[in-house]
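Only the coordinates and a few stated rules stand behind these numbers; no lab work does. The structure presented is a predicted model; accordingly, all values stated were derived computationally and were not measured. A quick note on method: Cβ atoms are made from the backbone with ideal geometry, for glycine too, and the neighbour counts reach across all protein chains shown.
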Amino acid sequence: MNSSLKNTLSVESHKRLLREMLFARRFEERCYEAYVERKIGGFLHLYCGEEACAHGVIEAARPGHDYIITSYRDHIHAIKSGVDPKAVMAELFAKVTGTCKGLGGSMHIFGVDHRFMGGYALVGGPFPLAAGIAKGIKMKGGDEICICFLGDAANNQGTFHESLNMAALWELPVLYVCENNLYGIGTRIDRSTAVVDQYKRVSAYNIPSRQVDGQDIDVVYDAAVDAIEHVRSGKGPYFLELMTYRYRGHSMSDSNAYREKAEERRWGERDPVIILRDRLIEAGEMTLDDYKKLDHEILEQIEDEIIRFAEESPEPPLEMLEKYVLVENDPWVRGGAG
Amino acid sequence: MAEMMFWEAVRRAHDEEMARDPMVICMGEDIGVAGGTYKATKGLYDKYGPERVIDTPISENGFTGLAIGASFIGVRPIVEIMSVNFAWLAMDQLFNSAAKVHYMSGGQLRAPVVVRSPGGTAHQLGAQHSARMEKVFMGIAGLRVVTPSNPRQAYGLLKSAVRCDDPVFINEHELMYNLKGEVPDEEYFMPLEGSEIAREGRDVTLFGYNISVHWALQAADVLAKHGIEAEVVDLFALNPIDREGIRQSVSKTHRAVIVEEAEPPVGVGSEVMAIINEECFFELDAPPVRVSAKNVPIPYNHKLEKAAIPSPDDVVRAVLKMFGK
């Protein structure tokens, strides 16, 4: 392990995180299959290759206490925040047992009980929402923070600039995590963005920032602990850029033809799951056989518990169609209880 | 019952709700230190401080989204967008976030945010400062839209909107802030759905909302001299709109004229006509008529500007024509 890291994880944490990240990988791969089988509809954005980002940052946070919000690539952020993977898969299968009763879909997973405030499908949409949650935290006087995960391409939306300006101006407790996977849908970052290093862009708002390797969970965790400490101590927002790569296209409808195979191979050699696995093996804490056994267990769990639950759950009833448009029975709609 | 100006009524509702609940905040451009372009938040900055009366940067989509996010965790923001023309910029957050989050989260989240904004054609403000946007907002599922025509409604609608758990857009009018009217001395809450009969009549119903209620009332005075007793229905709620109120009045008068300040396509007039068709077509003695703005961007020249917007005279003419006079 890189000895320059200040905030380190225990062996037990490493083992648990390996399980969580491998689970995330297999979960997303199973989603791919289910999509091909037409069990999952709509748009589907997979997180394969980026697992160390969500896991490293949320590991350093307090899930269930801190608020987490993200984009449409949201399954794994929800699960790491504490949302039941069965309910996530059931949502993807459009079942009433899903996180949003089948009304949301892949891009809109919510788990408000776990303070997972949702996945949003307009690129850059969560920037101001996260600042607003942070404003609410500040008004209430708690020590929670809001963590907003978005991709690099979101930074070309106006909401990025508007929100970072307000977050800095009002010293809001929000951590913006930029998962820089180098592509905005199918356009490489240097073809869409004048300043390729995203952490540099926030200096315009006097927001401290850092760019680190997003494939090595120890590096992500170390940087995230410092970033979260900064925000939680009341010093205002922070911007953490994690260099990462998505193995699949932007969504399932993306042919992924715009990337060079050599580039994909290069990133594939820095797989976040394998980096952590090899670290545990090198430390003598695990064998390759242990890992294979773990993988097997995870695949079985996904099939026997999660897919079965999603398959067997009922669809939402038609009566639900108009149920959540407006809040039901709000007395103020009639001008008050009286 | 005290008489006060429209802006004073809006200000009073802010003040009472902010005094009651520390989670009520207001935000917008120039609303704090400057007291608001139309004085709707005058004096509140000194009373409640900069954390609750927030002067925002000129970032409509950003600060509206920020208010929506804050509303997710218990804050009750009242956002002022200085002009509805600028609210176009906030439509992403209003439509994509506020209006949909309750639904797409399967009922987990609510966005109890209030957005107030004056629209309408005022005095030679030109094409980009004269928009009437209510017809755009009222077509979005999940967003309540109300539009007060007098100080009592302005006060009572804002009071209820702050407490309601749905997002509410309040469509005000640039020309109406100095309008005087009676407001109850005690606390008063308007329902966010329904309509009011501003004048009773039996011969024809004039549907209006916001400023066009006043044009309809002026027209009704003139029509009375022609022996036509017009009923004026004030559609203070545009989404959801009062289908039953529309049906009842048309079933009584058997004739309908809709007076709207906006361009005719896809507007309040076309919506009310559709409802009349659906609810009470066979009650009609004559085809319903719209009195609308011309379908043009608003010109700068005063004479042309006036010609673009309907007037009480236009309403009178439309009704007389309907009666073959």
Practice item. All but one of (1) of a type in the set (Lys, Arg); (2) without any contact (Cβ under 8 Å) to a residue 60 or more places away in the chain; (3) within 14 Å of chain A (Cβ to nearest Cβ) hold for B:Arg144, so report the exception by its number. Key: (2)
Review point. When you look at A:Lys135, is it among the basic types (Lys, Arg), facing chain B (nearest Cβ under 7 Å) and either closer than 30 Å to B:Arg52 by Cβ or within 14 Å of the chain's Cα centre (by Cα) (or both), yes or no?
Key: yes
Revision key, fill the gap. The lone condition B:Lys294 fails out of (1) crowded, with 24+ Cβ neighbours inside 10 Å; (2) without any contact (Cβ under 8 Å) to a residue 60 or more places away in the chain; (3) within 22 Å of B:Ser130 (Cβ to Cβ) is (1)
Practice item. Looking at (1) touching a strand residue (DSSP E or B) at 6+ places or on another chain (Cβ under 9 Å); (2) more than 8 Å from every other protein chain (Cβ to nearest Cβ); (3) of a type outside the set (Asp, Glu); (4) part of a helix (DSSP H, G or I), find the lone condition where A:Ala168 falls short. Key: (1)
Practice item. For B:Val213, indicate whether it is at negative phi, touching a Leu at 6+ places or on another chain (Cβ under 6 Å), crowded, with 24+ Cβ neighbours inside 10 Å and away from every other protein chain (no Cβ under 12 Å). Key: no
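This table checks each residue for (1) within 14 Å of chain A (Cβ to nearest Cβ); (2) surrounded by fewer than 24 Cβ atoms within 10 Å (Cβ to Cβ); (3) within 15 Å of the chain's Cα centre (by Cα).
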site: B:Arg152; (1), (2), (3): yes, yes, yes
site: B:Leu158; (1), (2), (3): yes, no, yes
site: B:Val162; (1), (2), (3): yes, no, no
site: B:Asp166; (1), (2), (3): yes, yes, no
site: B:Phe169; (1), (2), (3): yes, no, yes
site: B:Tyr177; (1), (2), (3): no, yes, yes
site: B:Tyr188; (1), (2), (3): yes, yes, no
Review point. For the stretch A:138-165, which residues satisfy the criterion of being more than 10 Å from chain B (Cβ to nearest Cβ), surrounded by 20 or more Cβ atoms within 10 Å (Cβ to Cβ) and touching a helix residue (DSSP H, G or I) at 6+ places or on another chain (Cβ under 9 Å)?
Key: A:Ile145, A:Ile147, A:Phe149, A:Leu150, A:Asp152, A:Ala153, A:Ala154, A:Asn155
Check your understanding: What are the pairs, 6+ residues apart or on separate chains, where a residue within the stretch A:140-164 that is farther than 14 Å from A:Phe239 by Cβ has its Cβ under 6 Å from a residue that is among the acidic types (Asp, Glu) and in a strand (DSSP E or B)?
Key -> A:Glu144/A:Asp66
Practice item. Collect the residues in the stretch A:28-72 that are without any contact (Cβ under 8 Å) to a residue 24 or more places away in the chain and part of a helix (DSSP H, G or I), keeping them in residue-number order. Key: A:Glu29, A:Glu33, A:Val36
**Study point:** Residue among B:Val79, B:Val75, B:Val84 that is touching a residue at least 60 places away in the same chain (Cβ under 8 Å) and either of a type in the set (Phe, Trp, Tyr) or touching a strand residue (DSSP E or B) at 6+ places or on another chain (Cβ under 8 Å) (or both)
**Key:** B:Val84
